[in-house]
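What follows is a single structure, written as structure tokens, with notes after it.
The values are calculated or read from the model by the stated rules, or taken from the named source; none is laboratory data. Worth saying up front: this structure is predicted, and the values here are computed from it rather than measured. Counting neighbours? That spans all protein chains shown, and the Cβs are built from the backbone with ideal geometry, glycine included. Side chains included, ligands, DNA and RNA excluded: accessible areas come from the protein's heavy atoms. Shrake-Rupley method; radii C 1.70, N 1.55, O 1.52, S 1.80 Å.
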Amino acid sequence: MKVGLALSGGGARGFAHFGVLKALEELGIKVDVISGTSAGSVVGAFHAYGYDVDEAKILVSKTNLFKVVWPAFSWKGVFSMSRSEDIFKKHFPKDDFSAAQIPLHIVATNLNTGQPEIFKEGAIIKPMMASCCIPFIFDPVKIGQNVYIDGGLVNNLPAEAIRDQCDVVIGVNVSPVLKEETLSGTKKMIERISMVSINANVAKSKLKCDLVIEPKSLREYGTFDLKRSDEIYDIGYQAAHHIFETEQKLEVVQKLLV
């Protein structure tokens, strides 16, 4: 049985993906194909390239990778993604999808066509940078003749990218949208509008998944809550174990736990 894992974007909430991967490892569930958007593309790349889950989590949190990719929000102007390229090169010295031990698909938004684009061969670093490129905060990333930004705008849970290659697709959405009683401040308002917009394409992608892990408590964390990475990791870890412990009557869970 071939198992696919679709990892959503979500900024700092992406640390929950590491927790889910750790839980799947403990449950003996082998991932055969990975797709990722934004934070999901970064976590997916580390896993696909053979990094140990705990090692990768430490590398991402200690090397300031997410701080460079997602800086604290400010009105100072548009940032360049060039600093993130230097850091990515340290961890992915062979800049090519062929170096991955697990097939990997990265989704970014092609601004020229207005459509999602799936990268799965050739250089990997630029597609990762593009997939993480939050509009209005970063300059778009140029690849070939086109420019790209955050894949989450058009496909934040890229299950479609791997659906036809897998018997089972597990989707992990770390950007749940629930009712908010209070909305105050420009930063929170912009983030909320972005999440509501992105959630529309996530709902469609969930239908392509056989199992969805979506920790509701992640609503308490923001895109830039990088200092809370340990808490976020644990939420992903606990959520994955919880669904496999409480949903054992589901046919897909039974298949995965065989």
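Under 9 Å by Cβ, and 6 or more places apart or on different chains, what pairs join a residue from region 74-87 that is among the small types (Gly, Ala, Ser) and open to solvent by less than 50 Å² (accessible area, probe 1.4 Å) with one that is modelled with pLDDT of 65 or more and assigned to a loop (DSSP other than H, G, I, E, B)?
Sorted first by the residue in region 74-87, then by its partner, the pairs are 74/137; 84/132.
Any residue at all in region 219-231 that is modelled with pLDDT of 95 or more and touching a His at 6+ places or on another chain (Cβ under 8 Å)?
No, the conditions are met nowhere in region 219-231.
Name the residues in region 1-16 that are assigned to a loop (DSSP other than H, G, I, E, B) and under 20 Å from residue 225 (Cβ atoms), would you?
Within region 1-16, the subset assigned to a loop (DSSP other than H, G, I, E, B) is 1-2, 8-10.
Once the filter is applied, which keeps residues that are assigned to a loop (DSSP other than H, G, I, E, B) and under 20 Å from residue 225 (Cβ atoms), region 1-16 yields 8, 9, 10.
In region 244-258, what residues are of a type in the set (Val, Ile, Thr) and open to solvent by 70 Å² or more (accessible area, probe 1.4 Å)? If you could, list the steps in order and put the result at the bottom.
Looking only at region 244-258, we keep the residues that are of a type in the set (Val, Ile, Thr), and these are 246, 252-253, 258.
Within region 244-258, 246, 258 meet the criteria.
In the list 19, 36, which residue meets the criterion of being at pLDDT 95 or above, assigned to a helix (DSSP H, G or I) and either in contact with a Gly (Cβ under 7 Å, 6 or more places away or on another chain) or on the phi > 0 side of the Ramachandran plot (or both)? Before the answer, list the steps.
Details: 36 fails: assigned to a helix (DSSP H, G or I).
Every option except 19 fails the conditions.
Restricting to region 55-98, name every residue that is modelled with pLDDT of 60 or more, over 30 Å from residue 25 (Cα atoms) and of a type in the set (Ser, Thr, Tyr).
80, 82
Within region 111-138, can you find the residues that are in a loop (DSSP other than H, G, I, E, B), out of contact with any helix residue (DSSP H, G or I) (no Cβ under 9 Å at 6 or more places or on another chain) and open to solvent by 50 Å² or more (accessible area, probe 1.4 Å)?
111, 112, 113
May I ask you to list pairs of residues, at least six apart or on different chains, whose Cβ atoms are under 6 Å apart, with the first in region 39-52 being open to solvent by 10 Å² or more (accessible area, probe 1.4 Å) and the second being assigned to a helix (DSSP H, G or I)?
Hits for this filter: 47/21.
Give the residues of region 142-166 that are over 17 Å from the mean Cα position of the chain (by Cα) and free of Cβ contacts under 8 Å to residues at least 60 places away in the same chain, sorted by residue number.
Listed by number, the residues that qualify are 142, 143, 144, 145, 146, 147, 164.
With the condition kept exactly as written, say whether any residue in region 229-240 is out of contact with any Gly (no Cβ under 8 Å at 6 or more places or on another chain) and not in a helix (DSSP H, G or I). Working first, answer last.
First pass over region 229-240, keeping only residues out of contact with any Gly (no Cβ under 8 Å at 6 or more places or on another chain): 229-231.
Then keep just the ones that are not in a helix (DSSP H, G or I); that gives none.
Taking every residue of region 229-240 in turn, none turns out to be out of contact with any Gly (no Cβ under 8 Å at 6 or more places or on another chain) and not in a helix (DSSP H, G or I).
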